[in-house]
Amino acid sequence: MAIEIRKDSQIVDVVLAEARHERLDSEVRENANQLIRDLASDPNPNNKYQIAQLVKFAVNDIIKRDTNYLDVLADVKRVGFGDKAEFDVKLPGVKAFIQAKGATTPRTKNSRKTLSLETLSVSARPVINIVELQNGLANAADLINDASYQMECAMYAFIENVLVNAADDWGTPYYGTGSGLVKSTLDPMIMHWIRAAGGAVIFGDIGENTKLAQLTGFVANSTAGTQQFAGNIINEQNQNAVIGTYLSAKVVNLLNPLKEDGTDAFVFDAKKLFIVPTNIDAGMRPLKVVFEGDVFSTEATNIDDLSWEIRLDQYFNAAIAKGIRPYLGMYADSSV
Amino acid sequence: MSEAKMRLNNPKKFDVGIITPDKPYGINVRAGTFTMVTQDELDYIMATSTLLQDGVLVLNGEKQKELADAMGIELENNANFMSDEDIKKKLSGNANQLRKWLDSDDIKPYVLSRIAELAKGMNLALSKIQVLQEKLPNYDFLSKD
């Protein structure tokens, strides 16, 4: 009987869990691996297509789950293949004038522009020996894990680069830097959004967020110079490694996955803090990201060396459109 | 006698915070302004951050040259320290020279966007726009706004 693997098939969840190194019942794991071996042992076009489908569904799921970076910082649109995403950007518009009574008021209109993004492709082409897959020496979960991480790292590096390249050009109060977290530089950036939007949320890697506690102290007597801290701040820092609130802004950790390249580097720059205004629609965020369709796959077998390869592609792109102002702040910690 | 101080400038569009041994909570050097620092404070900033190495903060004239020499930086060729005029000169070269220059330095994002802004006002040849576009894939070099 021909096996058909669909997006909601149980084997997709099992292989996904295996790829993410989650704890799995050994029987469930063995059944899934046996099914892949069965498919590979009869490498007809349909079976190879089904394995490629399995990899595609799993990679697609991993890529969408691993970080909250885009959810909190970007205006993300997902469109179908061949469709174009259009982002609406508000520009400076209607003006009021002080003038003599009865004089003609210059006309101004509410102004917007739309930004349409052509997509690029992030692509991986993992190769596996078909005989090794048949006899269980090669593991589909490893393939999925490697492919998804590499695609994810490449894609996020691109998106982060787009944001970082643009942010310093926004100037104060949207961008600031310092030799560490400097209160007198960071506070006005947060205060700007408290005034303009009623509040802000601070997103950052836990390594950077944890430094915020040091900024909460105050010096009671300028000549004594000893910094005082509130007891609850000390306890909160000890319990959670970060304080929940800084200068009325909620402090939230960005999920920063570890790169799987043998180093202990993280996917995102751990020395950035993002200040996101509250009560502002996600559509106003300057970082625009579009995904065209889901991850898709094509596969082929090389008769020369019995290698079977899957090409995985995800169409996407990112750009900055700040409109009237960038509704985002970024503090770069330049300490070494 | 108090120690001689030198002028540390922030020529950027954004504020820069610095921490020195006697100001552990830091001070803010606002965009386009300066602060006075001693040699010890300068050494401390250099040891604890990349602000001077990256050209975010700069000293005046001869002092900056001495500092750059000490750091092994060629001011004339390093985009992070160049004036607008020097960048325009580099942009006036041919596409290969431009590519070599952009690939040779660890050019910081804030300098790249400045290079792009200057390039946009220069009516450059398409081959040079293509080189720049590789560095800034989403920058719109062709629109007027």
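Of all residues in the range B:59-79, those that are of a type in the set (A, V, I, L, M, F, W, C) and either within 14 Å of chain A (Cβ to nearest Cβ) or farther than 25 Å from B:Ile19 by Cβ (or both) total 3.
Among the residues in the range B:45-61, are any without any contact (Cβ under 8 Å) to a residue 40 or more places away in the chain and among the charged types (D, E, K, R)? No.
Within the set A:Lys56, A:Lys113, A:Lys64, A:Lys90, the sole residue that is at pLDDT below 85, surrounded by 20 or more Cβ atoms within 10 Å (Cβ to Cβ) and outside any loop (DSSP other than H, G, I, E, B) turns out to be A:Lys56. The lone criterion from (1) closer than 30 Å to B:Tyr44 by Cβ; (2) under 26 Å from the mean Cα position of the chain (by Cα); (3) assigned to a helix (DSSP H, G or I) left unmet by A:Gly176 is number (3).
Checked across the range A:286-295, the condition of being farther than 18 Å from A:Glu118 by Cα, modelled with pLDDT under 90 and either in a strand (DSSP E or B) or within 14 Å of chain B (Cβ to nearest Cβ) (or both) holds for no residue.
Residues in the range A:116-134 that are over 27 Å from the mean Cα position of the chain (by Cα) and not in a strand (DSSP E or B): A:Ile130, A:Val131, A:Glu132, A:Leu133, A:Gln134. Determine, yes or no, whether A:Pro326 is within 14 Å of chain B (Cβ to nearest Cβ) and touching a Lys or Arg at 6+ places or on another chain (Cβ under 6 Å). Taking the combined requirement at face value, the residue does not satisfy it.
For the range A:258-281, the tally of residues that are at pLDDT 85 or above and of a type in the set (Gly, Ala, Ser) stands at 1. Evaluation of B:Val16 against the conditions (1) more than 21 Å from B:Asp84 (Cβ to Cβ); (2) part of a strand (DSSP E or B); (3) under 17 Å from the mean Cα position of the chain (by Cα) shows that the sole unmet condition is (1).
Of the candidates B:Ile107, B:Ile129, the single residue that is within 14 Å of chain A (Cβ to nearest Cβ) and either touching a Cys at 6+ places or on another chain (Cβ under 9 Å) or among the β-branched types (Val, Ile, Thr) (or both) is B:Ile107.
Of the residues contained in the range B:36-52, none is found to be away from chain A (no Cβ under 11 Å) and either among the basic types (Lys, Arg) or in a loop (DSSP other than H, G, I, E, B) (or both). When restricted to residues that are surrounded by 15 or more Cβ atoms within 10 Å (Cβ to Cβ), more than 7 Å from chain A (Cβ to nearest Cβ) and of a type in the set (D, E, K, R), the range B:11-22 contains 1.
Taking the criterion of being surrounded by 15 or more Cβ atoms within 10 Å (Cβ to Cβ), closer than 18 Å to A:Ala32 by Cβ and among the polar types (S, T, N, Q), the residues of the range A:118-152 that qualify are A:Gln134, A:Asn139, A:Asn145, A:Ser148. Filtered by the rule that a residue be among the hydrophobic types (A, V, I, L, M, F, W, C) and facing chain B (nearest Cβ under 7 Å), the range A:162-185 gives A:Val162, A:Val164, A:Ala166, A:Val182. Are any of the residues in the range B:98-114 part of a helix (DSSP H, G or I), exposed (fewer than 12 other Cβ atoms within 10 Å of the Cβ) and either of a type outside the set (Lys, Arg) or in contact with a Lys or Arg (Cβ under 7 Å, 6 or more places away or on another chain) (or both)? The answer is yes, given that some residue of the range B:98-114 is part of a helix (DSSP H, G or I), exposed (fewer than 12 other Cβ atoms within 10 Å of the Cβ) and either of a type outside the set (Lys, Arg) or in contact with a Lys or Arg (Cβ under 7 Å, 6 or more places away or on another chain) (or both). Has the range B:69-81 got any residue that is at pLDDT below 85 and under 30 Å from A:Val290 (Cα atoms)? Taking every residue of the range B:69-81 in turn, none turns out to be at pLDDT below 85 and under 30 Å from A:Val290 (Cα atoms).
Out of all the residues in the range A:135-171, which are touching a residue at least 24 places away in the same chain (Cβ under 8 Å) and not in a helix (DSSP H, G or I)? A:Asn135, A:Gly136, A:Asn139 - these are the residues of the range A:135-171 that are touching a residue at least 24 places away in the same chain (Cβ under 8 Å) and not in a helix (DSSP H, G or I). How many residues does the range A:226-273 hold that are in a helix (DSSP H, G or I) and surrounded by fewer than 16 Cβ atoms within 10 Å (Cβ to Cβ)? Going through the range A:226-273 one residue at a time, the tally reaches 7. Against the criterion of being within 12 Å of another protein chain (Cβ to nearest Cβ), in a helix (DSSP H, G or I) and either in contact with a Lys or Arg (Cβ under 9 Å, 6 or more places away or on another chain) or of a type in the set (S, T, N, Q) (or both), B:Ile87 does not qualify.
The values are calculated or read from the model by the stated rules, or taken from the named source; none is laboratory data. None of these values were measured; they are calculated from a predicted model. No Cβ is skipped: glycine too gets one built from the backbone with ideal geometry, and neighbour counts run over all protein chains shown.
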